[in-house]
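Peer 1: A single structure is presented below for examination.
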Amino acid sequence: MKTGLLIKSLILCLLLSAALVGCAKKQVATTTTPVAQTEADDEALRARQAEEERLRQEALLEEQRRSAQMTQAVSEIESNLIYFEFDSFELKPESRTILQRKAETMKAYPALRLTIEGHCDERGTEEYNLALGQRRAQAVADFLVLLGIESNRLKTVSFGEERPAVAESNEAAWAKNRRAEFRVQQ
């Protein structure tokens with residue numbers, strides 16, 4: 001009986017030992033990154049961030065350059081008015097040269113749309129001057145179309161004598177009022 005008790009006690013001890021070993025806390029494997037690897041990752045991240053910032057700055061500068069060029073193009077198109085002789089809508093040779101430069105600029109910026117305003121001096125009736133202003137604006141538009149500008153990019157309007165450039169009543173003032181002006185729509 002003592003032997004049986006001894007065997008039972010031994011078996012019980014073995015079972016308890018096995019249970020304790022099986023229930024022991026399992027070690028969680030932790031990996032530590034070597035310091036050199038962390039520093040290399042940080043350096044790579046900084047390099048990527050620096051490259052992204054450089055690309056952002058280049059894009060910003062390019063946009064500013066394009067904007068400045070567009071502003072200059074609009075200024076070139078809107079400046080240099082076209083002047084006409086009394087009671088005429090015929091383009092002078094110097095006007096054709098100015099329009100050729102405007103057409104080149106418009107070809108370089110195909111998104112630009114242009115309104116051509118026809119103006120007259122105060123002589124003549126209001127109806128006559130509105131019609132003459134329209135013929136002046138249309139003569140300019142027709143010449144630009146001949147130079148290769150699509151007609152759907154051009155709009156004409158006449159102000160007749162309503163918007164004088166110079167408010168005096170003399171030949172010098174009238175010569176400045178017989179004109180075509182340009183307004184760019186982007």
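The values are calculated or read from the model by the stated rules, or taken from the named source; none is laboratory data. Here the structure is a predicted model, which means the values were calculated and not measured. Cβ placement follows ideal geometry from the backbone for every residue including glycine, while neighbour counts extend to all protein chains displayed. For accessibility, only protein heavy atoms count, side chains too; no ligands or nucleic acids. Shrake-Rupley method; radii C 1.70, N 1.55, O 1.52, S 1.80 Å.
Peer 1: As an exercise: evaluate THR115 against (1) more than 17 Å from ARG178 (Cβ to Cβ); (2) outside any strand (DSSP E or B); (3) β-branched (Val, Ile, Thr) and give the number of the one condition it does not meet.
Peer 2: THR115 satisfies all of (1) more than 17 Å from ARG178 (Cβ to Cβ); (2) outside any strand (DSSP E or B); (3) β-branched (Val, Ile, Thr) except (2).
Peer 1: I'd like to know if the range 118-134 contains one or more residues that are touching a Leu at 6+ places or on another chain (Cβ under 8 Å) and modelled with pLDDT of 95 or more.
Peer 2: yes
Peer 1: Restricting to the range 96-137, name every residue that is touching a helix residue (DSSP H, G or I) at 6+ places or on another chain (Cβ under 8 Å), under 20 Å from ALA173 (Cα atoms) and either of a type in the set (S, T, N, Q) or buried (at least 18 other Cβ atoms within 10 Å of the Cβ) (or both).
Peer 2: GLU117, GLY118, HIS119, CYS120, ASP121
Peer 1: Any residue at all in the range 78-86 that is in a helix (DSSP H, G or I) and touching a strand residue (DSSP E or B) at 6+ places or on another chain (Cβ under 7 Å)? First the steps, then the outcome.
Peer 2: Taking the range 78-86 first, the residues in a helix (DSSP H, G or I) are 78.
Filter once more, keeping what is touching a strand residue (DSSP E or B) at 6+ places or on another chain (Cβ under 7 Å): 78.
Looking through the range 78-86, at least one residue is in a helix (DSSP H, G or I) and touching a strand residue (DSSP E or B) at 6+ places or on another chain (Cβ under 7 Å).
Peer 1: For the range 57-77, check the following and say yes or no: at least one residue is farther than 30 Å from LYS102 by Cα, at pLDDT 85 or above, open to solvent by 100 Å² or more (accessible area, probe 1.4 Å) and assigned to a helix (DSSP H, G or I).
Peer 2: no
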